[in-house]
Amino acid sequence: MPSMSIVEVSLDRVTFQVNRKYKEEGKPRGLSYRLKADSRINRERTRLIVSLGVESSTSEENPDCPFFFDLTVVGVFEFSETVTEELRKQYAAINGPAILFPYVRETLADITRRAGFPPLLLPVMNFARLAQTKAEKGQTSAAEKATPRKRPSKKATARKRPTSAESTE
């Protein structure tokens, strides 16, 4: 089996918007978000480019959400030799997203913290299990089609924006 090495990981897109209409005393319906992934390989089949992102619901979909976001991280991976289509799909659906997910997770946590909210920590994902579940359901892999929207735990959605008195340390 060919080995895969990381050539580059970069932040491709980031959008973050505070919902100025959000009222803290109101009960938020919760943050909803979805993962999105895509991949492509070069002609020689030795370099794979994987993009992994996460986007929240929009203000129209969830006006009771304190903020909205959309971010994408891109990874360039190189193989030691030409890969088959089957291996490419495995690397694109499992290995690439699993390597990129910590970058997405950390970036989102940092952005929400810098915006004055508690850090939004996405739950850890098992991309092998996700790909297996999708295969069993006859769906395409995460790297070939966006995954269904996920909701974080109630603990993450019940957090309020800190007041200036709470944020001084």
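Just so it is clear, none of the values below were taken in a lab; they were calculated from the coordinates. These numbers come from a predicted model, not from an experiment. Glycine gets a Cβ as well: all are built from the backbone with ideal geometry, and neighbour counts include every protein chain shown.
Can you tell me the length gained on complete extension of the stretch VAL124 to SER5, counting 0.36 nm per residue apart and subtracting the Cα distance?
Values: separation 119, 0.36 × 119 = 42.84 nm, distance 2.23 nm.
The span from VAL124 to SER5 would gain 40.6 nm if fully extended.
Quick one: Debye curve from the C-alpha atoms of the range 4-146, no solvent, what's log10 I(q)/I(0) at q = 0.16 Å⁻¹?
Results for the range 4-146 at q = 0.16 Å⁻¹ read -0.86.
Compute the signed sum of charges (Lys and Arg +1, Asp and Glu -1) over the other residues within less than 11 Å, Cβ to Cβ, of GLY53. Could you put the intermediate results ahead of the total?
On the way: positive: ARG13, ARG34, LYS36; negative: ASP12, ASP38, GLU55, ASP70.
Taking every other residue near GLY53 into account, the sum is -1.
If you put +1 on each Lys and Arg Cβ and -1 on each Asp and Glu Cβ, how big is the dipole of the range 4-146 around its Cα centre, in Debye rounded to 20?
On the way: 21 positive and 19 negative charges, 54 e Å.
It works out to roughly 260 debye.
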